[in-house]
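The values are calculated or read from the model by the stated rules, or taken from the named source; none is laboratory data. Everything quoted here is computed from the prediction, not taken from an experiment. Counting neighbours? That spans all protein chains shown, and the Cβs are built from the backbone with ideal geometry, glycine included. Quick note on the areas: whole protein, heavy atoms, side chains included, nothing else; ligands and nucleic acids left out. Shrake-Rupley method; radii C 1.70, N 1.55, O 1.52, S 1.80 Å.
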Amino acid sequence: MEKLTYTHDEASARVIASFYDSPPLAYVHSYGCQQNVNDGEKIRGVLLDIGFGLCENLEQADLILFNTCAVREHAEQRVFGNVGALKKLKEKNPRLIIGVCGCMAQQQHIVDKLRASYPYVDLVFGVDGIDRLPAMLAERLTRGKRYLENPHQRDAVVEEMPIRRDSGFRAWLPIMYGCDNFCTYCIVPYVRGRERSREPADVLAEFRSLVESGYKEITLLGQNVNSYGKGLAQPVDFSDLLNLLCTVPGEYQIRFMTSHPKDASRKLIDTIAAQDHLCKHIHLPVQSGSDRILKEMNRHYTVEQYLDLIHYAKEKIPDVTFSSDIIVGFPGETEEDFQATLDLVRKVEYMQLFTFIYSKRNGTIAAKMPDPTTHAEKAARMDRLLKTQDAVAFPKIAAMAGQTVRVLVEGAGRNAGTLNGRLDNNLVVEFPGEEDLIGHYASVHLTGARAALLVGEQAAE
Ligand code: SAH
Ligand code: SF4
Ligand code: F3S
């Protein structure tokens, strides 16, 4: 694996500046997962580094960049719709540069489609292009021609990227990139390349600087954080990394995602139990409750192994909570397989579920599997899954009334004069409060719940 360091590209910055009378403005929008959102923050950082300003309004922009997600068909369709809507803006302002980057741009068929059918898209580059963005923009402006890169994989780690974070108190911190698991339904390994971990010293340095800048919640990111450390010179695993980070003094909490059940260890559970800085909430995507489907998905665990780990965590960590991702309607999923998923949901008692109807991704193994179940049937299963989950979670959430909990205040609540605070277990409570509490911890007395949303009032510290 190649480790690179970002360097400021003054030559490209000068070239770009020469095309504008005043600093140009960029609009950057990221779709998809937190990794992508974090990449979007780096894109903004790089643009600021070479003299761009940022704007939140498409009409004001000299550069519009869509940082895209390819995980489901719906995500891709949305991007094409939003890119299509830019045609009018480009007609009004022919100097506008429109760019598409991120996971969709890692697929040849998407780049071909953009090339052939979206002539007003000027710039296309994949997930490894962010540090080269200054050079690509300079090239696009100097040549006056579209700059469309065909997908390629560099599989490098670039350190010291400039970054403009969206929040001043919650931060994303990637500890690894890529994925080697090749779950049969999933496009991520094809678009994000091979798994590679950052050096613990680099993660620690970024973590320390976040804590020192006042960040209260730091979420460690990786497609499978439990395989952190593979391929690094020094032997280190994810639990070791967590213990290392927890040596940093300060008032903060650590979350992480995603834990792949096949690599989640008892050592990890013991670490969560032992470290106060680690939230007692584990996102452990199970995908299906049927061993047969898990095998077809190439997930490398059985329901029994998964439940063993859940039971161990429930034993070791008082008040531990779980959330999960579930795919409904994987090719060949029978009513019996689906029932097994409902059973599992009842057994684990997840606080939150992220549910998806299977979406066929070209190039994956599952795309070739026979899939006789109709979409209507899959939608009906989804409905039943959501009802089952609500029946499990809502009473548990309501039963929390009476507790006093510490929350990190994230922003304004939906009702006027209220705030939203996130509990350690990832649930949200709405309570009356002043906006100056945003970004700080508060003590909240829970009084009840509306569906999955807790309600409460501020408690004396
Ligand atoms: N690395 C993480 C998940 C990344 S993708 C993990 O292994 O858990 C986030 C979620 O999207 C997945 O957990 C899965 O539930 C869902 N997903 C991925 N590919 C999908 C597809 N082709 N159709 C439907 N859902 C999909
Ligand atoms: Fe996709 Fe599986 Fe990798 Fe997660 S672990 S990103 S689901 S291939
Ligand atoms: Fe989507 Fe890429 Fe993330 S495909 S889910 S943005 S890794």
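Ligands, DNA and RNA aside, PHE182 has an accessible area near 60 Å² when probed at 1.4 Å. Protein-only accessible surface at a 1.4 angstrom probe places the residues CYS33, CYS279 in the order CYS33, CYS279, largest first.
Please give the FRET efficiency for GLU160 paired with ALA376, using the beta carbon to beta carbon distance and R0 = 51 Å, rounded to the nearest 0.05.
On the way: r = 51 Å, r/R0 = 1.00.
It comes out at approximately 0.50.
By the rule of a second cysteine Cβ within less than 4.7 angstrom, the chain holds isolated cysteines at CYS33, CYS55, CYS69, CYS101, CYS103, CYS179, CYS246, CYS279. For the chain, adding -39500 (n - 2.57) for each run of n ≥ 4 DSSP H residues and dividing by the number of residues yields -10500 deg cm²/dmol at 222 nm. Working from Cα pairs under 8 Å separated by at least six residues, relative contact order for the chain is 10 percent. Note on exposure: THR374, THR7, THR219 ranked by accessible area (1.4 Å probe, complete protein assembly) read THR7, THR374, THR219, with the most exposed listed first.
If you put +1 on each Lys and Arg Cβ and -1 on each Asp and Glu Cβ, how big is the dipole of the range 167-279 around its Cα centre, in Debye rounded to 20? Walk me through the numbers on the way to the answer.
Values: 12 positive and 13 negative charges, 67 e Å.
In debye, rounded to 20, the range 167-279 gives about 320.
Relative protection proxy for 300-307, 96-103, from highest mean packing down: 96-103, 300-307 (other beta-carbon atoms within 10 angstrom). Hey, quick one: spin label on LEU437, modelled 7 Å out along Cα-Cβ, who in the range 384-403 has an amide N within reach, i.e. under 19 Å? Taking a point 7 Å out along Cα→Cβ of LEU437, the residues of the range 384-403 whose backbone N falls under 19 Å are 400-403.
A cut-off under 11 angstrom between Cβ atoms defines the neighbours of PHE338, and their net charge, with Lys, Arg +1 and Asp, Glu -1, is -3.
Protein heavy-atom surface of the chain, 1.4 angstrom probe: 50% of the accessible area is carbon and sulfur, with nucleic acids and ligands not counted.
A crude spin-label estimate for the pair ASN57 and LYS267, with each label 7 Å from Cα along the Cβ direction, gives 5.4 nm. Between SER167 and ALA17, the distance separating the two model label sites (each 7 Å from Cα on the Cα→Cβ line) works out to 3.5 nm. In this structure HIS74 has an accessible area near 120 Å², from a 1.4 Å probe over the protein heavy atoms.
In plain terms, the chain from PHE394 to SER117 could stretch by 95.0 nm, reckoned as 0.36 nm per residue minus the Cα-Cα distance. Against the chain, whose longest principal axis comes from its Cα atoms, helix 375-398 is set at around 60 degrees.
The residue among ALA398, VAL121, PHE431 whose Cα reaches farthest toward the positive pole of the charge dipole of the chain, with charges on the beta-carbon of Lys, Arg, Asp and Glu, is VAL121. Considering only HIS152, MET1, LEU446, the residue lying farthest towards the positive end of the dipole of the chain is HIS152, judged by Cα position with unit charges set on Cβ. The GLU91 and SER213 beta-carbon pair, evaluated with R₀ = 60 Å, returns a calculated FRET efficiency of approximately 0.90. Rounded to the nearest 20 debye, the dipole magnitude of the range 2-148 is 500 debye, with +1 charges on Lys and Arg beta carbons, -1 on Asp and Glu beta carbons, and the Cα centre as origin.
Charging the Cβ of each Asp and Glu at -1 and of each Lys and Arg at +1, and nothing else, the dipole of the chain about its Cα centre rounds to 1220 debye. Accessible surface area normalised per residue over the chain is 43 Å², counting heavy atoms of protein chains with a 1.4 Å rolling probe.
Placing dummy labels 7 Å off each Cα toward the beta-carbon, the span from ARG78 to ASP343 is 3.5 nm.
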